[in-house]
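The values are calculated or read from the model by the stated rules, or taken from the named source; none is laboratory data. Treat the numbers as computed from the prediction; the structure is a model and nothing was measured. Because the Cβ atoms are built from the backbone with ideal geometry, glycine has one as well, and the counts that use them run over all protein chains shown. Note: areas computed on protein heavy atoms with side chains; ligands, DNA, RNA excluded. Shrake-Rupley method; radii C 1.70, N 1.55, O 1.52, S 1.80 Å.
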Amino acid sequence: MLRIELTAAAGGQPGYGELTVRGWPGGTDGLELSVLRNQDSLYLDAGGGWDSLPVWHAIDGLERRGELLTGSVGPWLVDPLVRDPKMVYRLQLRDAGQSDGGVLRIVGNLLSSPAVGHPPPEEPLPRPVVAPPEPPAEPEPEPVIVEPEPVEKPRADRPLVAERDEEFRAAPASQPRKPVRWLPLALGLVLLLGIGLGAYWYFVLRPQTQTPVAAAPTPAPAAAADGEANPCGETALEGVGDDLAFIQACLRSNPSSTQVLEVIDAAKQSRRCGVVQRLYAHKAQAGDAAIALAYAREYDPQTFKTGGCVQSADAETAVYWYEIALANDPANADAKKRLEALKP
């Protein structure tokens, strides 16, 4: 079993990393690499997407340094891996004579490139900001002298009082007020309110004179279906054919560890391995120690069972999930014991 690590390249250039492989007994010529995404069992293809069939990538530039193979890898590998940091990846290395694999550990802060196959452009230095010159002060405007208009003096043949009387007679008379139009609407609303109150008194408050009839016992409501009461139940799993839609509804209901383990068992029986793998991985990565412990036992050679959704035992994957369980529950004796037994 190989121990594989991917670290950031020297200088932190986005899209590039340093791949280190420990335990490879072969040479460095004709090496090929496949990348399996553990949660949904899809393989990295040549275009950076994911496919259901294994795809082998020729990998050059690895050098042997003692027990290690090490070399630089570019965006074709780094970008798809750091796109979703919660995923777990298994790498398989082969040449003409042998093959071996292991779980990939991503160490440090890896950055993806802006586009696969193209190095990030250098950012130009910021241009200095030059303050605009202050506008010249505007001269204060000279005060404008307003001369008063001459007052017309009353003429002898037309007294001032007569002029005022004529102006008053020439002014139009004020228009009469328009009748208020909202009064009929208000009266209508009051009438409707009175009718409503009378009906309420007649049907609700009026004393009932009829002989009361014994009320029949109310039947107990039928228990809600498992799918209605619990979006993470077995009935909901059978009613929703789309794995992703079921998982989203299940996780939105914030299920307990027991509910998740029950629906995982139901999904195993229905051979819906996508539901099993994704529920295990999501809840374990979110900090659920019980789910992480159960997922580790799926891979542990001591507790592995054939015929399930995990194809073969893998001690290194089991160690990975035992470590997550122990990180969220330091007092977990089972996880401690199995880690001591599995770690070299």
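List of remarks:
- Computed over the stretch 276-339, the P(r) tail beyond 18 angstrom holds 27 percent of alpha carbon pairs.
- In this structure, Arg65 and Asp242 have a Cβ-Cβ separation that, at R0 = 45 Å, corresponds to a calculated FRET efficiency of about 0.40.
- Gyration tensor verdict on the stretch 1-116 (Cα atoms; rounded if a/c is under 1.5, prolate if a/b is larger than b/c, oblate otherwise): oblate
- The local environment of Leu81, defined by Cβ-Cβ distances under 14 Å, has a net charge of 0 under the rule Lys, Arg +1 and Asp, Glu -1.
- Linear extension gain, Leu187 paired with Thr28, 0.36 nm per residue minus alpha-carbon span: 47.5 nm
- Label separation (Asn109 vs Ser312): 3.8 nm, computed from points 7 Å beyond Cα along the C-beta direction.
- Each of Met87, Met1 has its accessible area taken with a 1.4 Å probe; listed largest first, they run Met1, Met87.
- Scalar couplings 3J(HN,Hα) for the stretch 23-39, obtained by applying the Karplus form with A = 6.51, B = -1.76, C = 1.60 to θ = phi - 60°, are x, 7, x, x, x, 10, 8, x, 6, 10, 10, 10, 10, 10, 7, 5, 5 Hz; x denotes Gly and Pro.
- For the pair the stretch 23-101 and the stretch 260-279, the centres of their Cα atoms are 28 angstrom apart.
- Derived scalar couplings between HN and Hα for the stretch 230-240 equal 9, x, 9, x, 5, 5, 5, 4, 6, x, 10 Hz in order, rounded to whole Hz, by the Karplus curve 6.51 cos²θ - 1.76 cosθ + 1.60 (θ = phi - 60°), x for Gly and Pro.
- Here the Karplus relation 6.51 cos²θ - 1.76 cosθ + 1.60, evaluated at θ = phi - 60°, turns the backbone of the stretch 272-284 into coupling constants of 9, 5, x, 5, 4, 5, 6, 5, 4, 5, 5, 5, 5 Hz, with x for every Gly and Pro.
- Average accessible area per residue (Å²) across the stretch 1-114 - probe 1.4 Å, nucleic acids and ligands excluded: 48
- Modelled label positions at Asp334 and Ser52, each set 7 Å beyond Cα in the direction of Cβ, lie 3.3 nm from each other.
- Potential extension, Arg271-Thr303 segment - 0.36 nm per residue separation minus Cα distance: 9.5 nm
- Full extension of the chain segment joining Met1 with Asn254 gains 87.4 nm, where the gain is 0.36 nm per residue of separation less the Cα-Cα distance.
- Residues whose amide H falls under 5 Å from that of Leu104, counting only those 5 or more places apart or on a different chain, are Tyr89, Arg90, Leu91, with hydrogens built in the peptide plane.
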